[in-house]
Amino acid sequence: MSQQRTWVGASRIEQWADRLDRMSRVWRVVLSLLITLELVILLSLFIDRVLIDWVIAGDVGPGVPAWIAVILGIVFYAAGWWSLVGFDLNPNRPWHAGIPAVVYVAAGTAGLLLLAILALYGLAFGYLL
């Protein structure tokens, strides 16, 4: 009941941040990894579509799209770690979930929805992703 009273004046972002804050560290690490993989897969589809003509023409090496995906994966995982897990740089001030954590999870949710839509579109019209 006391938790319910603290949420009455809190915004939606603060409520979601509180939920993320109550998750164990291991689950936040796993969540960050899953969101990173999902976003990299989604952006790899886009990068491959953009660069395929240049790779076929020989203007770009065949490994360039993969390296771009690797770099994006490292950047996304670092951003996810920073927002969901936090770095223990100051032992006097422990990490707490905030707006960046909620935005990262929202981006992951939107990316998952978009991947599902692309998969259903591909299944409906016979395309391979």
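We did not get these values from a lab; they are worked out from the coordinates using the rules stated. All values reported here derive from a predicted model rather than from experimental measurement. With ideal geometry, Cβ positions are generated from the backbone for all residues, glycine too; neighbour counts draw on all protein chains shown.
Expressed as an acute angle from 0 to 90° and rounded to the nearest 10, what is the orientation of the C-alpha long axis of helix 12-22 relative to the principal long axis of the chain?
90 degrees
Of the candidates Gly73, Gly98, Gly61, which one comes out as most mobile in a Gaussian network treatment of the chain with C-alpha springs shorter than 10 Å?
Gly61
Please list, ordered by chain and number, the residues whose modelled amide H lies under 5 Å from the amide H of Trp95; skip anything fewer than 5 residues away on the same chain.
Here the answer is none, since no amide H 5 or more places off falls under 5 Å of that of Trp95.
Taking the Cα-to-Cβ direction at Tyr121 and at Leu51 and moving 7 Å from each Cα, how far apart do the two end points lie in nm?
Label at Tyr121, label at Leu51, 2.2 nm between them.
With runs of 4+ DSSP H residues as the only contributors, calculate the mean residue ellipticity of the chain at 222 nm using -39,500 (n - 2.57) per run, divided by the residue total and rounded to the nearest 500.
Calculated from helices alone, the mean residue ellipticity at 222 nm is -25000 deg cm²/dmol.
Cβ neighbours within 10 Å, averaged per peptide: list 23-32, 118-127 in order, most packed at the top.
Highest mean packing first, the order is 23-32, 118-127.
If you fit an axis through the alpha-carbon atoms of helix 25-57 and take the longest principal axis of the Cα set of the chain, what angle between them do you get, 0 to 90°, nearest 10?
20 degrees
Give the angle, between 0 and 90 degrees and rounded to the nearest 10, that separates the Cα long axis of helix 64-80 from the longest principal axis of the Cα atoms of the chain.
0 degrees
Which of these values of Rg and Dmax of the Cα atoms in Å was calculated from the structure shown: (1) 14.5, 46; (2) 18.8, 65; (3) 18.2, 54?
(2)
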